[in-house]
1. Quick check on my filter: what residues within segment 37-50 are open to solvent by less than 50 Å² (accessible area, probe 1.4 Å) and closer than 11 Å to Leu468 by Cβ?
2. Write out, first by first residue and then by second, each pair whose Cβ atoms fall under 6 Å of each other, whose residues are 6+ apart or on separate chains, and whose first residue, in segment 404-420, is touching a residue at least 40 places away in the same chain (Cβ under 8 Å) and open to solvent by less than 10 Å² (accessible area, probe 1.4 Å) while the second is part of a loop (DSSP other than H, G, I, E, B) and hydroxyl-bearing (Ser, Thr, Tyr).
3. Answer yes if at least one residue in segment 398-415 is touching a Lys or Arg at 6+ places or on another chain (Cβ under 8 Å), assigned to a loop (DSSP other than H, G, I, E, B), modelled with pLDDT under 95 and not hydrophobic (A, V, I, L, M, F, W, C), and no otherwise.
4. Do we find a residue being of a type in the set (Ser, Thr, Tyr) and not assigned by TED's automatic domain parsing to the domain that holds Asp154 anywhere in segment 405-415?
5. Cβ contacts < 9 Å: first residue assigned by TED's automatic domain parsing to the domain that holds Ile159, restricted to segment 69-85; second residue among the acidic types (Asp, Glu) and part of a helix (DSSP H, G or I), any location; separation 6+ or different chain. Result?
6. Being small (Gly, Ala, Ser) and buried (at least 21 other Cβ atoms within 10 Å of the Cβ) is the filter here, so list the residues in segment 286-336 that pass it.
7. Pick from Tyr432, Tyr421: which is of a type in the set (Phe, Trp, Tyr) and not in a strand (DSSP E or B)?
8. Being open to solvent by less than 80 Å² (accessible area, probe 1.4 Å) and assigned to a loop (DSSP other than H, G, I, E, B) is the filter here; which residues of segment 110-123 pass it?
Amino acid sequence: MEFTIFFILFIVGIFIIITLFNLFTVKSKQLTPVPTTVTFDGNKAVSHLSEAITYKTISYKDKTLFDPVPFHRFLTFLHETYAQIFEQLEVEVVNQFALIFRWHGEDASKKPIGLTAHYDVVPVLEGTERNWKEDPFGGKVENGIIWGRGTLDDKTSVIAIFEAIQYLMNNHFQPKRDLYFMVGFDEEIGGEKGAKAIVETLQAKGVQFDFILDEGGAIVENMVPGVNRPIGVVGISEKGFATAELTAKGSGGHSSQPSNPTNIGKIARAIAKLEEKQFEGDLRGPSKQLFEYVAPEMELGMKYIFANQTIFKPMIENILVKKPSSAALIRTTIAPTIFQAGEAANVLPEKATAIINLRLMPGDTIKDVKSFIEKTIDDPDVQVSVTGTEATKVSSTNGWQFQTIQQAARNVYPEAIIAPYLMFGASDARHYDLISDETYRFLPVHITSEDLNRMHGTNEHISVENFLNAIKFYIELLKEVNK
């Protein structure tokens, strides 16, 4: 008995020693900031973004609604506002509205880096116009706020990049390697004619980037429990996007004599099983790396747990799956979005269909998803088809490329923790995976959860301070690249 107690105490002691050792030896992964000293005419830059917003460069899912006139006018605005850039850099137009700029560097043996952004925006949802405090295409600037569609997604990035290039040119900056700046015009509907065509154009010329930076993560508050500082998340991968269609067919008939279950009942039961089962959470890949970067900055209790991820992994996963925002970090998500069946109240439908949107974790394949759904539903009367794309490749956080982005962000936002993460939505960046060793996603602005809802919603806006900081970030980034 005494031996057993001694053995248990010994094991507990070893456990405490190991976990405390991990706690007190975990080192910060944050680079020391060198606060930016960049100064420029902020009022002039703000006026440029304000005007950019007035051009209704809207991408519609129904492509027959496309109006080329605002796109032509926007490009004319760019050409007139940034004439120096168009004159001094090599410029190529792709599919009328996409642009490629090349700034020749001193050393042709070095791989280039590229910045990309898009100037198309989503439409204002019909019927919500009155809910806007300001005209969504007015570009009004008032009380330190710039209002309008595109202020967060993604004209801020476009104008900030142009302002940064112009600043560097005026300050006699000479890049050591080629720098490319790509401007897309249809990101909101997949980027087929913009980013994808740009990639095909550059691929034909044999261009291979060291890294690409696109929009994506941002600097956000209250993202991780136990962390009081803002976290700047840099997307190193995008989740896949898949559509599952569940179909049940059979004889219809009069509703007075229903079969059991009906086609609607079969689909409803299938969805209920999927929502109850869910994919298993697994803290791995980019999400695991997020917490490795954040753990050293946590309060003591949470730091203890996350400094010992291997030991407490089941506990951490159990905590994360309880909230939709954190659950999406560690598992492929299931979201039923469309249900179609029936035409009359007294007639049983001969066919019922449900559409499910899934966002795939890196490593999960379309085949895996289809197999999971079929096994979970376990109903031969429900046919399952799955189409879509899998997650993008996972870019490295170990090389100079990620550290360059991290350093530039810290220089502008020294209070922020900069960390890698898994991006839930899609961006043009996925197209650039073909011609870039590493691909990153980061919108260099400080935003709130309310801002995220406004990005494609009502009252989209950005603070002047945020916009000016975005310009500073791109200047710092290009300066860091030159080191």
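1. Across segment 37-50, the qualifying residues are Val38, Gly42, Ala45, Val46, Leu49.
2. Asn411/Thr36; Pro420/Thr397
3. No; the residues of segment 398-415 include none that is touching a Lys or Arg at 6+ places or on another chain (Cβ under 8 Å), assigned to a loop (DSSP other than H, G, I, E, B), modelled with pLDDT under 95 and not hydrophobic (A, V, I, L, M, F, W, C).
4. yes
5. The qualifying pairs are Phe77/Glu51; Thr81/Glu51; Tyr82/Glu163.
6. Residues satisfying the conditions are Ser287, Ala295, Ala307.
7. Tyr432
8. Of everything in segment 110-123, those that are open to solvent by less than 80 Å² (accessible area, probe 1.4 Å) and assigned to a loop (DSSP other than H, G, I, E, B) turn out to be Pro112, Tyr119, Asp120, Val122, Pro123.
The values are calculated or read from the model by the stated rules, or taken from the named source; none is laboratory data. From a predicted model like this one, the values you see are computed outputs, not experimental measurements. Every residue, glycine among them, receives a Cβ derived from its backbone with ideal geometry; neighbour counts consider all protein chains shown. Only protein heavy atoms, including side chains, enter the accessible area calculation; ligands, DNA and RNA are left aside. Shrake-Rupley method; radii C 1.70, N 1.55, O 1.52, S 1.80 Å.
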